[in-house]
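Student: Submitted below is the structure of interest, expressed as structure tokens.
The values are calculated or read from the model by the stated rules, or taken from the named source; none is laboratory data. None of these values were measured; they are calculated from a predicted model. Cβ atoms come from the backbone with ideal geometry, glycine included; neighbour counts cover every protein chain shown.
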Amino acid sequence: MSSDFVFINEVGPRDGLQNQKTILNASDRLQLINLLIKSNLPGIEVASFVNPKAVPAMEGAHQIMQGLMDEDTCEISVLVPNLKGFELARDAGAKIITVVPSATETMNQKNINMSLNETISSSCKILKEAKSSKLRTRAYVSVAWECPYEGKVDGKIVLDIANQMLASGADEIILADTIGAANPSSVGMLFNSCVNEFGHKILSGHFHDTRAMALANVCAALNEGIRKFDSCIGGLGGCPFAPGAAGNLATEDLANMLDQMGYTTNIDLNKLSKVVLFCEEKLNASLGGRMSAWLNKKNKAS
């Protein structure tokens, strides 16, 4: 058992909604975010400052930033795919920005229409600009284990990209299993290498549940000292540029598992289960991890 605090970063309003058939307008997304804040999520990625022509579901990022409730207890971050997106995010009042280089040539081309070297160069420039503006910074390494186009990814490439992000000012590195192809063994090995290189405090995990491995992968990362993870309300998710990227790890499942294991999350699971119902109604889809279904059944019975 452990009393360690584990930081759960909710990515539903961005990663969860970017590839849904039903597009929520900025007002509905803002309502979702404020409900998540009230559920005691310690961190939320609320938007992507991407061209809405490329990802229509992310239109209205500036409106969302202006309409957030008092978020002193919640770390609000945004994703920026390029320098223009960074400038828009900074001007909208963002305090934490996230860049998203991928570990392979093809994935970068598909995701942001840049080569691997161009993506790294762009991400490094954004990070430096953000630090000059006194903003906090996060950097993903997407497809850190496997790419839908190029297959298995060499861990040395992941370490190299992470080193370049850190040298440019990244405060945090998130290893992303973008298509849900990792397993506890491969997760443990890559995080072990990264911990040996950087220490565990700056590292985070982002797991998709494509092959029902996400919770097991979290456990493998926990064993390497990782104490921060992305997750997504109701298991929403998928990447429009990554074939096979099914939903993210459901926030309610992650929070419940951590609570049962003796970790502290401070998240209100009952409130969170109601947020899942809100998403179901807005998206006209059946959602939720197993914990959400159990809680809703229990609440109806009582």
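Student: Going through 182, 162 one at a time, which residue ends up being free of Cβ contacts under 8 Å to residues at least 40 places away in the same chain, touching a Phe, Trp or Tyr at 6+ places or on another chain (Cβ under 6 Å), crowded, with 17+ Cβ neighbours inside 10 Å and not β-branched (Val, Ile, Thr)?
Tutor: Working: 162 fails: touching a Phe, Trp or Tyr at 6+ places or on another chain (Cβ under 6 Å).
Result of the check over 182, 162: 182.
One line per residue, one yes/no per condition, for (1) out of contact with any Asp or Glu (no Cβ under 6 Å at 6 or more places or on another chain); (2) among the β-branched types (Val, Ile, Thr); (3) outside any helix (DSSP H, G or I):
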residue: 9; (1), (2), (3): no, no, yes
residue: 15; (1), (2), (3): yes, no, no
residue: 19; (1), (2), (3): yes, no, yes
residue: 23; (1), (2), (3): yes, yes, yes
residue: 28; (1), (2), (3): yes, no, no
residue: 31; (1), (2), (3): yes, no, no
residue: 35; (1), (2), (3): yes, no, no
residue: 40; (1), (2), (3): no, no, yes
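Student: Let me ask another. Can you find a residue in region 48-63 that is closer than 30 Å to residue 223 by Cα, surrounded by fewer than 22 Cβ atoms within 10 Å (Cβ to Cβ) and not hydrophobic (A, V, I, L, M, F, W, C)? Give the steps one after another, and end with the answer.
Tutor: Within region 48-63, the first condition is being closer than 30 Å to residue 223 by Cα, and the residues that meet it are none.
Checked against the condition, which is being closer than 30 Å to residue 223 by Cα, surrounded by fewer than 22 Cβ atoms within 10 Å (Cβ to Cβ) and not hydrophobic (A, V, I, L, M, F, W, C), region 48-63 yields no hits at all.
Student: Look at region 113-139 and say how many of its residues are surrounded by fewer than 24 Cβ atoms within 10 Å (Cβ to Cβ) and over 17 Å from the mean Cα position of the chain (by Cα).
Tutor: Looking only at that region, the number is 18.
Student: Okay, next question. Can you tell me which residue among 133, 122, 168 is in contact (Cβ under 8 Å) with a residue 40 or more places away in the chain, out of contact with any Phe, Trp or Tyr (no Cβ under 6 Å at 6 or more places or on another chain), polar (S, T, N, Q) and within 23 Å of residue 201 (Cα to Cα)? So that I can check it myself, show each step before the final result.
Tutor: On the way: 133 fails: within 23 Å of residue 201 (Cα to Cα); 122 fails: within 23 Å of residue 201 (Cα to Cα).
Only one candidate passes the filter, namely 168.
Student: Only one of these conditions is not met by residue 210: (1) closer than 27 Å to residue 76 by Cα; (2) in contact with a helix residue (DSSP H, G or I) (Cβ under 7 Å, 6 or more places away or on another chain). Which number is it?
Tutor: (2)
Student: While we're looking at this one, here's another question. (1) in a loop (DSSP other than H, G, I, E, B); (2) on the phi > 0 side of the Ramachandran plot: which one isn't true of residue 234, the others all being true?
Tutor: If we test residue 234 against (1) in a loop (DSSP other than H, G, I, E, B); (2) on the phi > 0 side of the Ramachandran plot, just (1) comes out false.
Student: If we keep just the residues of region 64-87 that are surrounded by fewer than 18 Cβ atoms within 10 Å (Cβ to Cβ) and at pLDDT 95 or above, which is nearest to residue 16 (Cα to Cα)? Talk me through it step by step, then tell me what you get.
Tutor: Within region 64-87, the subset surrounded by fewer than 18 Cβ atoms within 10 Å (Cβ to Cβ) is 66-73, 75, 83-84, 87.
Those left that are additionally at pLDDT 95 or above: 75, 83-84, 87.
Details: 75: 18, 83: 23, 84: 23, 87: 24 Å.
So the residue we want is 75.
Student: Please work out which one of (1) among the hydrophobic types (A, V, I, L, M, F, W, C); (2) at pLDDT 95 or above; (3) under 23 Å from residue 17 (Cα atoms) is the condition residue 112 fails and give its number.
Tutor: (2)
Yes or no, residue by residue, for (1) outside any helix (DSSP H, G or I); (2) surrounded by 24 or more Cβ atoms within 10 Å (Cβ to Cβ); (3) in contact (Cβ under 8 Å) with a residue 24 or more places away in the chain:
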{"site": "192", "(1), (2), (3)": "no, no, yes"}
{"site": "196", "(1), (2), (3)": "no, no, no"}
{"site": "200", "(1), (2), (3)": "yes, no, yes"}
{"site": "205", "(1), (2), (3)": "yes, yes, yes"}
{"site": "210", "(1), (2), (3)": "yes, no, yes"}
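Student: Name every residue in region 20-56 that is in contact with a strand residue (DSSP E or B) (Cβ under 9 Å, 6 or more places away or on another chain), within 21 Å of residue 99 (Cα to Cα) and small (Gly, Ala, Ser), in order of residue number. Working first, answer last.
Tutor: Looking only at region 20-56, we keep the residues that are in contact with a strand residue (DSSP E or B) (Cβ under 9 Å, 6 or more places away or on another chain), and these are 26, 29-30, 33, 36-37, 39, 41-50, 55.
Now narrow it down to the ones that are within 21 Å of residue 99 (Cα to Cα): 33, 42-50, 55.
Listed by number, the residues that qualify are 43, 47, 48.
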